[in-house]
Amino acid sequence: MSLPVIAVVGRPNVGKSTLVNRLVQTQDAIVHEMRGVTRDRSYHRTDWNGREFMLIDTGGIELVSEDAFGASIRTQAIMAAEEADVVVFLVDGKSGVAAGDEDVARILQRSGKPVYLVVNKMDTPNDDAAMHEFWSLGLGTPWPVSATHGHGTGDLLDELVSVLPDTEPEEQAPEIGVAIIGKPNAGKSSVYNRLLGVERAIVSEVAGTTRDSIDTVFEREGTHYRLVDTAGLRRKSQIDESVEYYSFVRAMRAIDRAQVALLVIDASEGVTDGDQRVARFAEERGCAMVILLNKFDLVEDEDEREELIYQVTEKLGFVGYAPVLRISALTGRGIHKLFTAVDSVFAAYTREIPTPQINKLLTALRETGHTVSKHGASLKVRYGTQTRTAPPGFTFFANHPRLADENFHRYMENRMRETFDLIGTPIILQFRQKD
């Protein structure tokens, strides 16, 4: 059975993300003084006293908002409350009851879910006088906490897990971690939603809409995927807001924990320096990769299409092992091929090649006579074995390993890829002295 769910909702800037980080004991959710930092709902698996549950962080609920994303943020938060078994309604103990709190309270009362009114920023324990006005919200006993300092959060967790529905212990299935990456406004969230088939992430034409990394685990034809939509990545020197900096950090963490990166490129713009930088981030972290030319249907001229493919070859040659798909997230064109590509590159990323097969290849290569010679010495590769997976790595033992220059590395890499179908994954080659 799936885990029980607790949703944290409330007006903007009452400390929801701070509370989520305190309860989960991580720094997964972006915390900042600026209103509207959290836009999408994000899921965080955690436990308390041996009881596992899912905690949902949401954007601020405002019935009237000047934020261009206000309506979408509100919809995401209300969807989280509907999905949850228990709702935590967080209010600001320092500012007192606001008109927005009353509006949210009315919405939650109609939900029929157990709702806990939690008063945050109560940094002085046992300050009962500051709690009185919150009884007017009609949601029962207010729970004082300080998300920053941790006061009252243990008692709150005891109460929350006591009312969660009983579930059987969940055996976590193996997952393929897939991070959707790209420069801002390339169409990452549209790809994310198209893959899931639901409106899980807010999609907008405004660059930088996604500020946090959103995880969704789902099953397709017996395979479990953890899909992560990340904030757009740009060079650090161009990051001018501290919020955007933390978004950058979260996106990098998402790449670190993913096995496969889907690099989304706006085909209508061609391959840019920003696309190269993002590809380099994933390549340096050893991710398998699939390149998605999104909005390809907007490139109607055949010469422009050929130029685009040429740009991919020239500018992204350092990840030339990655398969390239031409898609349109808007229309769904080519999306059906994506899971097949992810499965293929993940299989290559985790492939284990028996040592006899590697040495059979070396025997065949020796017969071609291809080698490197310098100062009267010739490179002879005697033996090879796989030493790691994810990504796959191989160690070759040779008489003069220093002669294995960049060109020979490339030659061996190409032969390994051809022979063992190592598509979409970086591979690591080492040459060592044979004793």
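The values are calculated or read from the model by the stated rules, or taken from the named source; none is laboratory data. Because the structure is predicted, anything quoted here is derived from the model rather than measured. As a convention, Cβ positions derive from the backbone with ideal geometry for all residues, glycine included, and neighbour counts pool all protein chains shown. What goes into the accessible areas is simple: the full protein's heavy atoms, side chains included, and nothing from ligands, DNA or RNA. Shrake-Rupley method; radii C 1.70, N 1.55, O 1.52, S 1.80 Å.
Quick notes on this one:
- Sole residue being aliphatic (A, V, I, L, M), in contact with a helix residue (DSSP H, G or I) (Cβ under 9 Å, 6 or more places away or on another chain), under 22 Å from H224 (Cα atoms) and open to solvent by less than 10 Å² (accessible area, probe 1.4 Å), chosen from L338, L308: L338
- Scanning the stretch 135-176 for residues that are within 26 Å of the chain's Cα centre (by Cα), outside any loop (DSSP other than H, G, I, E, B) and either farther than 26 Å from V228 by Cβ or at pLDDT below 90 (or both) yields a single hit, E175.
- Contact annotation: residue pairs with Cβ atoms under 9 Å, 6 or more positions apart or on different chains, pairing a residue in the stretch 120-138 that is of a type in the set (F, W, Y) and surrounded by 15 or more Cβ atoms within 10 Å (Cβ to Cβ) with a partner that is at pLDDT 75 or above and part of a helix (DSSP H, G or I), are F134/D101.
- Within the stretch 273-298, the set of residues being surrounded by fewer than 19 Cβ atoms within 10 Å (Cβ to Cβ) and over 26 Å from P426 (Cα atoms) comprises D297, L298.
- Qualifying residue in the stretch 315-331 (condition: open to solvent by 40 Å² or more (accessible area, probe 1.4 Å), under 21 Å from Y225 (Cα atoms) and without any contact (Cβ under 8 Å) to a residue 60 or more places away in the chain): yes
- Which listed residue, of A341, A348, is under 23 Å from E219 (Cα atoms), in contact with an Asp or Glu (Cβ under 8 Å, 6 or more places away or on another chain), modelled with pLDDT of 95 or more and not in a strand (DSSP E or B): A348
- Odd one out for I428, checked against (1) open to solvent by less than 40 Å² (accessible area, probe 1.4 Å); (2) within 34 Å of the chain's Cα centre (by Cα): (1)
- Qualifying positions in the stretch 374-417 - touching a helix residue (DSSP H, G or I) at 6+ places or on another chain (Cβ under 9 Å), open to solvent by 40 Å² or more (accessible area, probe 1.4 Å), assigned to a strand (DSSP E or B) and not basic (K, R): S378, Y383
- When residues in the stretch 321-338 are screened for being more than 17 Å from A186 (Cβ to Cβ) and modelled with pLDDT of 95 or more, 2 of them pass.
- When the criteria are applied in full, V118 meets the requirement of being touching a Leu at 6+ places or on another chain (Cβ under 6 Å) and of a type in the set (A, V, I, L, M, F, W, C).
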